[in-house]
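Nothing in this text is a laboratory measurement; each read-out follows from the coordinates by a stated rule. The shown structure was predicted, so the numbers you read here are calculated from the model rather than taken from an experiment. No Cβ is skipped: glycine too gets one built from the backbone with ideal geometry, and neighbour counts run over all protein chains shown.
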Amino acid sequence: MKQITRRDFLQKTAVFTAAATLPPALFDPLKSWAEPLAKATIAAVTGNRVDAVKKAVSLIGGMEKFVKKGSRVCLKPNMSFPHEPDRATNTHPEVVATVARLCIDAGAAEVIIIDYPFNPPEKCLELSGIAAACAGIKNTHAFVIYDEKFFQPVAIKNGKELKEVKLIKDVLHSDVIICLPTAKSHSTTGVSLGMKGLMGLIWDRKYFHASVDINKAIAELAATVKVNLVILDGSRALLNGGPSGPGLVEYPKTIVAGTDQVAVDAYGVTLAKWYGQGFTPAQVKHIAAAQQLGLGTCNLDEVTILKAQV
Amino acid sequence: MRRWVQLAGLCLFGLLFALSPLAEKLLLPPDLFLKADPLLSLSAFLASRRFHESLLYGLPILLTALVAGRFFCGWLCPLGTLFELAAGKSSKKKKPPFPQWNLYLLVLLAAAALLGLNLSGLVDPIAFLTRACTFILYPLAMLLTATGIEIVRPVADYLHLVTLSHAQVFQPVFSLILLTVIVSVALFVLNYRRPRFWCRSFCPLGALLGLISRIGFFRRRVKSHCHSCMKCVHSCPTRAILDEPWQYRPGECIYCTACATDCPVHAVSFSLARDPAARPDLKRRRLMLSAAAGTLAAFAIRKDGIAKVNPNRLIRPPGAIPETEFQASCVRCGQCMKLCPTNTLQPCLLESGIGGIWSPRLDTRLAGCDQTCALCGTVCPTGAIRTLPLEEKKHAKLGTAAIDTGRCLVWAQDRLCLICDEQCPYNAIVFRWKDGSRKPFILDTKCNGCGFCEQVCPVQGRSAIEVSQHGEIRLLEGSYIEKAKELKLELKENAGDDAFIMQGGPSEKLPEGVISK
């Protein structure tokens, strides 16, 4: 193991203390609710998924814009299912690994890849291919957690459906949160993209299904978690049978990136003909609800879309 | 010398137990001690009338018994070693309270086994020790590890040791931990007061080996210059030497050779000899009574109504042979439960009748059966659970799930729940349009009873979707894949009925989260 130097120790202590004291500010829902909107810009790049990720990130300003030197980055891919990449229920491991490398290259002190998966947790990490793909990247750790002690309650002051959620602590203690959803259908919410994927960060998912309006709750959750960047893995799309599959898999070969969660998800909706029919972003209730909360726009006419092919 | 052999045996037992998840990579089978235990394999054979390879594994110990009686007890038995290590001050004056009851117990077990009731696992030392390790040592070790991690976690958080601060330990739980603790503590307390009382008075494996020793030819001999100082009588840990030094019961001697070591005039030796052995002084009436008790126990337990119609939910592990043969073969060692990665395998209390106590069942409310695992079958010492390749195991249907529409959040409360569908590995749960909204249905031909739906159901208390043994496939031999084909089951991972949405139906068939146009 590496020796800890005094400088290192002091630095880390400072970062840790800062991280520990920052969250209340980061997670003030009043703030994020009321944030004024500039015209959103997203990138949509088609082609080989590794190059497409790199291109998409560079189109919206490069990873350095989001990841400052020495920052702690938390990546939230979909790795909830003990399935291999072919089934398109988890984010493709190459996408996760590419983003992790970009973060480290941008100067991130540490990248934590985390999800709260379904049973059996360790197998999700293994079969998704994410653990293996990220094993060689320095200062990068992939974890699946399944114990309540890794969660911390966060109050939602303005919430109508949610008053409090228990969020994974790493999300609260990171400087940068990057969502890496995979594009898939969902038999309740229609699609499962970036905002729906945030349900993987909370302890009591059952509550969303059993006790509240799940569509509005997802929007409030998205308003609560301060997501800095969303990179949607649309290299494949699970057209039906989602979220768990198995179902029909199509290959839009597109990576979508942006800071506007609603706009990225909205573009994601247009990537495929879900359930053999397709629908518009505004038809998806949780996306419309997020727009209503002022989180972003799902009207793609109002969004600058930087397209490219690699 | 003997102590070293004993410790080596104990370590081997512990090592095989700890490493059992790596069953396929080990040179020795992880259930070596259980397999090699002739009492377990013989009674499973008698009760189920099925040949199993463990009968062959039992031969070496039977052979040592032919030569040197209860050599196994004194040199190899891990429970015997533990009992010796945990003994209090030996109480040399005390006679065992129930002399030779182990022989009566053996007769009882044999009579019960002949009538199809296998009780050997409850009293066999190896099965007992494996059970104690599964239900006590293993969860306790995990608890202590987890506690240790919790103690250092704040420090790890502070020093930013990421891996350590995210360390998690799986904490297994078992429904019969308390009962196992009570039985084990009681035995060890009694052993403290009367060292090896179990081995002397109750152990039926010891009785079996002792019986065989009557035709053995490695004997204790006392030379004529013995001056009857009686030291050997006192040093014998099993009181096998009677009131005179040159008389002993070979059936109780564990060949520890303490008497030879302690003899001041070196008059005692162990050598090849063919003495007429001292007969165990068994009372014929007691023997008859034991046999009668075994018969009666088999009759009363096996002819309980539950044997014909079991009203309880009883989901056996994948690959469990048909119930009658299963109960006759299972020796309640608990290895399958120890290896189960999701912890769904739990010991029965009364779910399979009083004779099925400690036998494995799935608690699908606690956890589902991992569809990427087939470990339980790899460690069953008597073949009560068959060793199956993963693909075969997936087709060994455990039962079928059923929805309680009065409790289901979708059926009863019109909620937007889909958790069971999301977790089903086979898409056996599908949503269909019914009475104006989408509702979950179960396709029984695609359900293999894994139980993940039941585990994750958000309804508190009893799940709104439950697996029962209905439709289970239990085969003594042959392929489960073939059987599933014959029954027209489709235990394949495909889109199944969800494809109905794909066929361009009216737009209201979209998921609820989408506003139809």
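What to note about this one:
- Sequence-distant contacts, meaning Cα pairs under 8 Å at least 6 residues apart, place the relative contact order of chain B at 15 percent.
- Computed over the protein assembly as shown, the alpha-carbon pair-distance distribution with 20 angstrom bins reads 14, 38, 28, 16, 4, 0, each value a whole percent.
- Over segment A:154-221, volume per residue of the alpha carbon convex hull, in Å³: 85
- With Cα atoms defining each centre, segment B:1-16 and segment B:229-257 are spaced 24 Å apart in the structure.
- For the protein assembly as shown, a crude dipole built from +1 on the beta carbon of Lys and Arg and -1 on the beta carbon of Asp and Glu, taken about the Cα centre, is about 3420 debye to the nearest 20.
- Between segment A:227-259 and segment B:421-496, the Cα center-to-center distance that results, in Å: 27
- For segment B:388-517: Kirkwood Rh in Å [reciprocal of mean 1/r, alpha carbons]: 15.7
- Pairwise label distance in nanometres, A:SER211 with B:ILE515, each label 7 Å out on the Cα-Cβ vector: 2.8
- Degrees, to the nearest 10: B:177-193 long Cα axis against longest axis of chain B: 10
- Those lysines that a straight Cα-Cα span of less than 18 Å connects to A:LYS226, excepting residues fewer than 8 apart in one chain: A:LYS31, A:LYS65, A:LYS68, A:LYS76, A:LYS157, A:LYS163, A:LYS166, A:LYS169, A:LYS196, A:LYS216
- Computed FRET value (nearest 0.05) for B:LYS492 with B:ARG286, which takes r as the C-beta separation and R₀ as 60 Å: 0.50
- In units of the compact-protein estimate 2.2 N^0.38 Å, chain B shows a Cα radius of gyration of 1.18.
- Global size of segment B:126-253: 24.3, 76 Å for Rg and Dmax (C-alpha atoms, Rg to one decimal, Dmax whole).
- P(r) of segment B:99-154 over all Cα-Cα pairs, binned every 5 Å from zero, in whole percent: 4, 16, 14, 14, 11, 10, 7, 7, 6, 5, 4, 1
- When both bridge partners sit in the protein assembly as shown, DSSP labels roughly 65% of those beta bridges antiparallel.
- Cβ-Cβ FRET estimate between A:LYS39 and B:SER437, R0 fixed at 60 Å, reported to 0.05: 0.95
- Neighbour counts of C-beta atoms inside 10 Å place A:THR5, B:THR81 in the sequence A:THR5, B:THR81, starting with the fewest.
- Computed over segment A:63-194, Kirkwood Rh from alpha-carbon pairs, angstrom: 15.4
- Principal-axis analysis of the Cα atoms of chain B puts helix B:2-18 at an angle of about 10° to the longest axis.
- A simple spin-label model places pseudo-atoms 7 Å from Cα toward Cβ; at B:PHE299 and B:ILE215 they are separated by 3.2 nm.
- Here A:LYS253 is the anchor, and the lysines within straight C-alpha reach of less than 19 Å, apart from those fewer than 8 places off in the same chain, are A:LYS54, A:LYS55, A:LYS184, A:LYS273, A:LYS307.
- The base-10 log of I(q)/I(0) for segment B:2-272, evaluated at q = 0.12, 0.15, 0.17 Å⁻¹, reads -0.81, -1.15, -1.40 [Debye formula, identical scatterers on Cα atoms, solvent excluded].
- Rounded Å value of the spacing that divides the Cα centres of segment B:170-209 and segment A:153-187: 50
- Helix B:101-114 vs. chain B, principal-axis angle (Cα, 0 to 90°, nearest 10): 40
- Proximal lysines to B:LYS439, defined as alpha-carbon separation beneath 20 angstrom and excluding residues fewer than eight positions away on the same chain: A:LYS206, A:LYS285, B:LYS509
- Over segment B:213-262 - Rg/Rh using Cα atoms and the Kirkwood inverse-distance radius: 0.92
- Cα gyration tensor shape for chain A, rounded if a/c is under 1.5, else prolate or oblate: rounded
- Chymotrypsin sites (Phe, Trp or Tyr not before Pro), loop per DSSP, at most 16 other Cβ atoms within 10 Å - longest free stretch of chain B: B:247-517
- Shown here is the pair-distance distribution of segment B:214-327: with all Cα-Cα distances grouped in 5 Å bins from zero up to the longest one, the shares run 2, 10, 15, 13, 9, 6, 7, 8, 8, 8, 7, 4, 2, 1 percent.
- Diffusion coefficient, µm² s⁻¹, Stokes-Einstein with Kirkwood Rh over alpha-carbon pairs of segment B:1-129 at 20 °C and 1.002 mPa s: 132
- Gained length - B:LEU114 relative to B:GLU24, 0.36 nm times residue gap less alpha-carbon distance: 29.0 nm
- Principal axis extents of the Cα atoms in segment A:116-179, from largest to smallest and rounded to whole angstrom, are 42, 28, 20.
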